[in-house]
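**Q** Structure in structure tokens, see below.
The values are calculated or read from the model by the stated rules, or taken from the named source; none is laboratory data. Please read these numbers as outputs of a predicted model, since none were measured by experiment. Cβ atoms come from the backbone with ideal geometry, glycine included; neighbour counts cover every protein chain shown. To get the accessible areas, we keep the full protein, side chains included, count just its heavy atoms, and leave off ligands, DNA and RNA. Shrake-Rupley method; radii C 1.70, N 1.55, O 1.52, S 1.80 Å.
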Amino acid sequence: MSAADEQMQQVRSKATELLLREEWGDSIQLYSQLIDLCEAQISNTHQHPNPDPLHLSKLNKSLCVAFSNRAEARSKLQDFTRALQDCDRALRIEPTHFKTLFCKGKILLSLNRYFNALDCFKAALFDPQGNGNLDIVNGYLEKCKKLEFQSRTGSFDLSDWVLNGFKGKHPELAEYVGPVVVKRSEISGRGLFATKNLDAGTLLLVTKAIAIERGILGGQDSAENAQLVMWKNFIDKVKEAVTKCQRTQLLINMLSTGEDEMELEVPDMSIFRPEIEGNGSSNGHKLDMDKILSILDVNSLVEEAVSAKVLGKNSDFYGVGLWMLASFINHSCNPNARRLHVGDYVMVHASRDVKAGEEITFMYFDTLSPFEKRAEMSMSWGFNCKCSRCKFEGAAVCSKQELREIEIGLEKGVDVGGAVYRLEEGMKRWAVRGKGKGYLRTSYWPAYAEVYGSDRSIKRWSRRIPAMEVVVDSVVEVVGSEEGVLKVVVEGLKKRGGGSGGGGVVEFERAMKLGRGIYGKVIKKQAMKTLLEIGIQDQSY
């Protein structure tokens, strides 16, 4: 054995040992050294007047394995861009190399490139080296087929997970871009718009977080410090993701920093589809820390109460993450969409019926509040909400004094039935019609909920205020489905002894539609019935 061969053997043995010990960084360094040695040996052999074909074959095989093992180590560190480059270099040497095909398939699956991953796993089945791993490969094939179908059709079903009490691992989800498009927005900069008419519960998109940080905040004194630590960890994760993936860098670079909104490019929807070969180019752009912080400040999402409950967390649970396509959704006090967090994915669906061309909007804060309180909350978010509801309530000059008196009365604990009656009578005097009634009823919904939830109040005021169903329908038209509204509807249904098989068929269907607006159509009828019972009777799940 030559000195060069002996050196290669020593480096190969040490690199393999580090790989088996899962010391990824050190193994990458040694495999890089081995690759350099192999390539130098191959070059020297080719320069020989009579190169030995057998020796060249062994060197190429060693080089292929080195690239494959370095790809595996890089994938473990989520350095997917360079891991894929290593896989491609290995496959140029040996196109049917089982380990490389299997490694590349898993990387592509992690990047949500399901169709490309399918091709790799199918090719791996034909390599004799993989005979002992056929069951594992077939398992990945079936997983890819399922995720590819979800990504193509938007057919997701969380019912089994719900019926099982959210136990075990989160359901495996694919990335999905539904009937939506990014366009210029009258609200702010760019927004997400429906491309066709949608009914409540229709899935709009499913996307995986670029980065996410979760934890329990604990007591009030330590909560702020814990939140700051989590925010720092979250920023570090985003920086790492940007460094390791060109596509991630490209996508994040498209997001707003909160300045010069109208000058930002409107991205083509294809950029958000992970199956696009090559995953784009960063065009040499590098994000500095100031820009990253500005982008995260404007675009990060906090996991809301419903999401935390579905994750099985308690009220002290806090989560913050960055989900790309969801970042384009603007706020409105007249929202039409909600999100549900499952694992590292966010699922966005219509919370009420939406017309083609209508902008998809979230609520960034509690919209079941009077105008002045919402104005304060929007300013704390750094913007002045100018949605149709805010414009209506802000212009209602003739009624502002009386509305303020109603608010003060509620704060002082006056009879809520009387306050609701005064509001309803006021709307008659102010000639408020149609959606205007829904706006004001939504702003004072907590008072309506208290009246409808009390047998005593209902007995006293039922003939002087609208029926619960009338108010619920007008509120849902404004803000879509809401947990507080659903709770009142379900409690009323239980009091009447109604249900899908009883006399309250209409009430039951109303509750089911509200449930679809909150949780989406990804939860089918039986699971939805179970979920509504859990959500109303036991808020701890």
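**Q** Of the conditions (1) closer than 30 Å to Val238 by Cα; (2) open to solvent by 40 Å² or more (accessible area, probe 1.4 Å), Glu39 satisfies every one except a single condition; which number is it?
**A** Checking Glu39 against (1) closer than 30 Å to Val238 by Cα; (2) open to solvent by 40 Å² or more (accessible area, probe 1.4 Å), the one that fails is (1).
**Q** Then there is this: Quick check: anything in region 337-351 open to solvent by less than 50 Å² (accessible area, probe 1.4 Å), assigned by TED's automatic domain parsing to the domain that holds Gly178, within 23 Å of the chain's Cα centre (by Cα) and closer than 27 Å to Leu423 by Cβ?
**A** The answer is yes, given that some residue of region 337-351 is open to solvent by less than 50 Å² (accessible area, probe 1.4 Å), assigned by TED's automatic domain parsing to the domain that holds Gly178, within 23 Å of the chain's Cα centre (by Cα) and closer than 27 Å to Leu423 by Cβ.
**Q** Take the residues of region 140-153 that are touching a Phe, Trp or Tyr at 6+ places or on another chain (Cβ under 6 Å) and open to solvent by 20 Å² or more (accessible area, probe 1.4 Å): which is nearest to Ala174 (Cα to Cα)?
**A** This residue is Ser151.
**Q** Return yes or no: is Arg456 free of Cβ contacts under 8 Å to residues at least 12 places away in the same chain, open to solvent by 70 Å² or more (accessible area, probe 1.4 Å), part of a loop (DSSP other than H, G, I, E, B) and farther than 21 Å from Val506 by Cα?
**A** no
**Q** Look through region 355-375, keep the residues that are open to solvent by less than 40 Å² (accessible area, probe 1.4 Å) and touching a Leu at 6+ places or on another chain (Cβ under 9 Å), and return whichever of them is nearest to Glu411 (Cα to Cα).
**A** Ranking the candidates gives Pro370 first.
**Q** For residues in region 253-268 being assigned to a helix (DSSP H, G or I) and touching a residue at least 60 places away in the same chain (Cβ under 8 Å), which is least open to solvent (accessible area, probe 1.4 Å)?
**A** Filtering region 253-268 for residues that are assigned to a helix (DSSP H, G or I) and touching a residue at least 60 places away in the same chain (Cβ under 8 Å), the one least open to solvent (accessible area, probe 1.4 Å) comes out as Glu261.
**Q** Restricting attention to region 120-139, which residues are under 20 Å from Ala174 (Cβ atoms) and either buried (at least 16 other Cβ atoms within 10 Å of the Cβ) or aliphatic (A, V, I, L, M) (or both)?
**A** Cys120, Phe121, Val137
**Q** Go through Lys428, Lys459, Lys494 for me and flag whichever is of a type outside the set (A, V, I, L, M, F, W, C) and either under 29 Å from Ala337 (Cβ atoms) or not assigned by TED's automatic domain parsing to the domain that holds Ile408 (or both). If you could, list the steps in order and put the result at the bottom.
**A** Working: Lys428 fails: either under 29 Å from Ala337 (Cβ atoms) or not assigned by TED's automatic domain parsing to the domain that holds Ile408 (or both); Lys459 fails: either under 29 Å from Ala337 (Cβ atoms) or not assigned by TED's automatic domain parsing to the domain that holds Ile408 (or both).
Only one candidate passes the filter, namely Lys494.
**Q** Any chance region 376-399 includes a residue that's among the charged types (D, E, K, R), in a helix (DSSP H, G or I), touching a residue at least 12 places away in the same chain (Cβ under 8 Å) and open to solvent by 10 Å² or more (accessible area, probe 1.4 Å)?
**A** Checked region 376-399: at least one residue is among the charged types (D, E, K, R), in a helix (DSSP H, G or I), touching a residue at least 12 places away in the same chain (Cβ under 8 Å) and open to solvent by 10 Å² or more (accessible area, probe 1.4 Å).
**Q** For region 201-212, enumerate the residues that are assigned to a loop (DSSP other than H, G, I, E, B) and within 15 Å of Gly154 (Cα to Cα).
**A** Result: Gly201, Thr202.
**Q** For region 192-208, which residues satisfy the criterion of being surrounded by 22 or more Cβ atoms within 10 Å (Cβ to Cβ) and closer than 25 Å to Leu264 by Cα?
**A** Once the filter is applied, which keeps residues that are surrounded by 22 or more Cβ atoms within 10 Å (Cβ to Cβ) and closer than 25 Å to Leu264 by Cα, region 192-208 yields Leu192, Ala194, Leu204, Leu205, Val206, Thr207.
**Q** Would you be able to say whether some residue in region 496-510 is in contact with a Leu (Cβ under 6 Å, 6 or more places away or on another chain), over 13 Å from Tyr452 (Cβ atoms) and at pLDDT 90 or above?
**A** no
**Q** Residue by residue through region 331-371, note down the ones that are of a type in the set (A, V, I, L, M, F, W, C), closer than 19 Å to Gly484 by Cα and not in a loop (DSSP other than H, G, I, E, B).
**A** Ala337, Leu340, Ala350, Phe362, Phe371
**Q** Among the candidates Tyr421, Tyr439, single out the residue that is part of a helix (DSSP H, G or I), under 20 Å from Val478 (Cα atoms) and not assigned by TED's automatic domain parsing to the domain that holds Asn334.
**A** Exactly one of Tyr421, Tyr439 is part of a helix (DSSP H, G or I), under 20 Å from Val478 (Cα atoms) and not assigned by TED's automatic domain parsing to the domain that holds Asn334, namely Tyr439.
**Q** Restricting to region 125-160, what's the tally of residues that are modelled with pLDDT under 90 and hydrophobic (A, V, I, L, M, F, W, C)?
**A** The number of residues fulfilling the criteria is 3.
**Q** Moving to a separate point now. Picking from Ile292, Ile271, Ile276, which residue would you name as being in contact with a Lys or Arg (Cβ under 9 Å, 6 or more places away or on another chain), in a helix (DSSP H, G or I) and either at pLDDT below 85 or open to solvent by 30 Å² or more (accessible area, probe 1.4 Å) (or both)? Before you say what the answer is, go through the steps one by one.
**A** Details: Ile292 fails: either at pLDDT below 85 or open to solvent by 30 Å² or more (accessible area, probe 1.4 Å) (or both); Ile276 fails: in a helix (DSSP H, G or I).
Result of the check over Ile292, Ile271, Ile276: Ile271.
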